[in-house]
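These notes concern the structure reproduced below.
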Amino acid sequence: MKTTKPAKSTRLLPLALVTNIKQDLMKSKKSDKLIIANKELAFQNDEKAKRAAELIIANKELAFQNKEKAKRAAELNIANKELAFQNDEKEKRAAELGIANKELAFQDGEKEKRAAELGIANKELAYQNKEKEKRAAELSIANKELAFQNDQKEKRAEELVIANKELAYQNQVKEKRAAELVVANEELAFQNTEKEKRAAELNIANIELAYQNDEKEKRAAELGIANKELAFQNEEKEKRAAELSIANKELAFQNKEKEKRAAELSIANKELAFQNDQKEKRAEELVIANKELAFQNQVKEKRAAELNVANVELAFQNHEKEKRAAELNIANIELAYQNDEKEKRAAELIVANEELAFQNDEKEKRAAEKEKRAAELIIANEELAFQNDEKEKRAAELIVANKELAFQNDEKEKRAEELSIANKELLAFTYVSSHDLQEPLRKIQTFVSRIAESESANLSDKGKDFFHRIQESAKRMQTLIEDLLAFSRVNTAERIFVNTDLNVIIEEVKTELKDSIEEKHATIEVTEICPVNVIRFQFRQLMLNLIGNALKFSVPQIPPLIVISSKIETGSHLKNEKLSPDKKYCHIVVTDNGIGFEPKFNDRIFEVFQKLHDKEEYAGTGIGLAIVKKIVENHNGIITAAGELNKGARFDIYIPA
């Protein structure tokens, strides 16, 4: 910046005046400056006084604030101590909760183990139940077999009773025959001198004896087969007895195992009850702790609200005092920092409280689930206890039933021995009947016929009548012996079932009865014949007896009409309660137009020696229909009879198809 030079005056002033003027000017400038400086100093002093007053006020306010800060610091210390105490309590509670959780986890593990053991025990019980069901099925099968054997034995007993009746009847007949034989022996005594002439007759008798020996060998073979069958049945009975004893041992072992399981379950139930008591105590403690925490949280919220109010006031004061004091800013910053810390602590406390509330809810849920599980386990244990009681009752009933079965088996074995002895006696009687009784009977018939032929001119009419009676009695005796032999063979003969066409059997019977059919001009109609699984020779005997009876008991002067039919039907369609509704049967019907019989004899005609007519009217022994019924029973079938007097008879036979 350029300086302008002063213009040179035309007049020169004295130097001293100039210097004085300059000094005066300088002094006036300095005085002005001093006045201004004094004014400034006065203003500054005023300002300083104001500032000093403001500082005094600020210092008072700071002192008040320091007091408030001290109070707040004391309150914060107290709150921090409370928080520290609460944190310690929370840590303790957390530790207790950790221990409780560990205990719960351990208890859950124990419960899972117990549940696994219960599952294994249930599986074992289910397996044992299956085994018991199998054993029960085997026992039921064995019981059915025993029942079947009992039925067979009862049938054999009935046959023995019938045989005993027959024997008693035969004894009576034998006594009568013995008296007749005494008379015959007295009459035959004088014929001993003629024996030498009868050598030819002895040769014939020797041939008959040889034939009889062959028959004896056949009967011996049949007895051997029957003995083998009895031995096999005895072995089967011993096997069944062994199986029953094994089953009883298994049941006893299973009962012991059940008692052990029941003891273990009772111990587990006691442990569960103890654990539940402990859990309830822990739950009560947790409830009390939660209440305390809730109360403390309420107190903290009050303190936090008060602190928030104080912070608002302080923030307002700090906003006014920012221009005035840096110390107040520092104090505000510290207070803000403390407030942030408090808020963080409050937020942490809120989060901790939420976590505790969540954990409490989870614990309550788990406690509820555990109570449900415990209730379910109690119910399951009660059900298992009830099932065990039922099983023990069933086991006791089975033991009693087994004892009764064992007793019945012993009784049946005794009866079987008695039956075998009676069968042996019957076989011996059959042997005697077939050989020892027939041999003298044949001789009587032979000698009587020879006397009637050669000495008829020397006999009176009365003597001829006696000889005729002897011949008729011998014929009846021969027929009776043959019928008894046929009846015994039905029980002792080997049973071989063959699928047979009934037409073939009927044709064979018609061929055998050809003379009687032609003599009486009989007609035999066969319709809708179905094949059936039967013992062939026995069913031939059955048809022979039924057709023979229809021819024998026909109405005089009326040609007999015999109708035979058969078809496969289910038991539900047949009107007989003894038949199984779901089983199929071959229903054979034989009807005739003979003399019939009264309905009251529908069942009686199948009994042995039951004759509805005198021997003078119709010949016979009363065994034919008994043989028919026995053959049907050998086929596991049923036979029924129905008739009306002078209107014919009807026989219904049901054989399993």
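Note on T500 and N143: the extension gain reaches 125.2 nm, defined as 0.36 nm multiplied by sequence separation minus the Cα-Cα distance. Ordered by 1.4 Å accessible area with all protein chains kept, V498, V589 run largest first as V498, V589. For semi-axes √(5λ) of the Cα gyration tensor in Å, computed directly from the structure shown, the correct entry in [x] 45, 25, 25; [y] 140, 29, 19; [z] 35, 30, 28 is [y]. Karplus-derived 3J(HN,Hα) values for region 524-537, using 6.51 cos²θ - 1.76 cosθ + 1.60 with θ = phi - 60°, are 10, 9, 10, 9, 6, 8, 10, x, 8, 8, 9, 7, 4, 5 Hz; glycine and proline are entered as x.
Based on the Cβ-Cβ distance from K344 to A52, what FRET efficiency comes out when R0 is 51 Å, to the nearest 0.05?
Numbers: r = 41 Å, r/R0 = 0.80.
For R0 = 51 Å, the calculated efficiency reads 0.80.
Ignoring ligands, DNA and RNA, how do M26, M477 rank by accessible area with a 1.4 Å probe, largest first?
M26, M477
For L307, the accessible surface of its heavy atoms amounts to roughly 40 Å² (probe 1.4 Å, protein chains only, rounded to the nearest 10). Note on D389 and K256: the model spin-label points, each 7 Å out from Cα along the C-beta direction, lie 2.6 nm apart. Taken one residue at a time, the phi angles of region 337-351 give Karplus couplings (6.51, -1.76, 1.60, θ = phi - 60°) of 4, 4, 5, 4, 4, 4, 4, 4, 4, 4, 4, 4, 5, 4, 4 Hz. Gly and Pro are set to x. Database remark: amide H of A657 closer than 5 angstrom to the amide H of K584, Y585, C586 (H placed geometrically; neighbours at sequence offset of 5 or more, or on other chains; Pro and chain starts carry no H).
Taking amide H positions as modeled 1.01 Å from N, with prolines and chain starts lacking one, the residues under 5 Å from G594 and 5 or more places away or on another chain are G648, A649. Overall, the accessible surface of the chain at a probe of 1.4 angstrom is composed of carbon and sulfur to the extent of 57 percent.
Give, in nm to one decimal, the length gained when the segment between E154 and E644 is fully stretched (0.36 nm per residue of separation minus the Cα-Cα distance).
Values: separation 490, 0.36 × 490 = 176.40 nm, distance 3.19 nm.
Difference between extended and current length: 173.2 nm.
Taken over region 240-289, lysine pairs spaced eight or more positions apart, or on distinct chains, with alpha carbons under 20 Å apart number 6. Rounded to the nearest whole Hz, the Karplus-based 3J(HN,Hα) values (6.51 cos²θ - 1.76 cosθ + 1.60, θ = phi - 60°) of region 274-280 follow the sequence 4, 4, 4, 4, 4, 4, 4, with x at glycine and proline.
Spin-label model, K130/E112: points 7 Å from Cα along the beta carbon direction are separated by 2.7 nm. Each Cα pair under 8 Å and six or more residues apart adds its separation to the average, and for the chain the resulting relative contact order is 9 percent.
Using 32 Å as the Cα-Cα cut-off, could you pick out the over-long pairs in K237/K393; K102/K132; K144/K391?
Numbers: K237/K393 27 Å; K102/K132 43 Å; K144/K391 23 Å.
From K237/K393; K102/K132; K144/K391, over 32 Å: K102/K132.
Distant-in-sequence amide contacts of N533, defined by a placed amide H-H separation under 5 Å and a gap of 5 or more residues or a different chain, comprise T500.
Protein-only accessible surface at a 1.4 angstrom probe places the residues L551, L41 in the order L41, L551, largest first.
R0 = 35 Å: FRET efficiency of K462 with E519, Cβ-based, nearest 0.05? Could you put the intermediate results ahead of the total?
Working: r = 32 Å, r/R0 = 0.92.
Efficiency, rounded to the nearest 0.05: 0.65.
Taking the Cα centre of the chain as origin and assigning +1 to Lys and Arg Cβ atoms and -1 to Asp and Glu Cβ atoms, the resulting dipole is close to 6000 debye. Bridging of K81 to lysines at a Cα separation below 21 Å is possible for K67, K69, K71, K90, K92, K291, K300, K302, K342, K344, once same-chain residues fewer than 8 apart are set aside.
Once you have the Cα-Cα distance between A231 and I36, take 0.36 nm times their residue separation minus that, and quote the gain in nm to one decimal. Before the final figure, lay out the partial values.
Values: separation 195, 0.36 × 195 = 70.20 nm, distance 15.73 nm.
Here the segment from A231 to I36 would lengthen by 54.5 nm.
Under the simplified labelling scheme, the K291-S565 pair shows an inter-label distance of 9.6 nm, with each label point 7 Å from Cα along Cα→Cβ. Of the whole protein surface, E175 contributes about 130 Å² of accessible area at a 1.4 Å probe radius.
The values are calculated or read from the model by the stated rules, or taken from the named source; none is laboratory data. Just so it is clear, the structure is predicted and the values come from calculations on it, not from any experiment. Neighbour counts are summed over all protein chains in view; Cβ atoms, including those assigned to glycine, are modelled from backbone coordinates with ideal geometry. Calculation scope for accessible area: heavy atoms of the full protein, side chains included, ligands and nucleic acids excluded. Shrake-Rupley method; radii C 1.70, N 1.55, O 1.52, S 1.80 Å.
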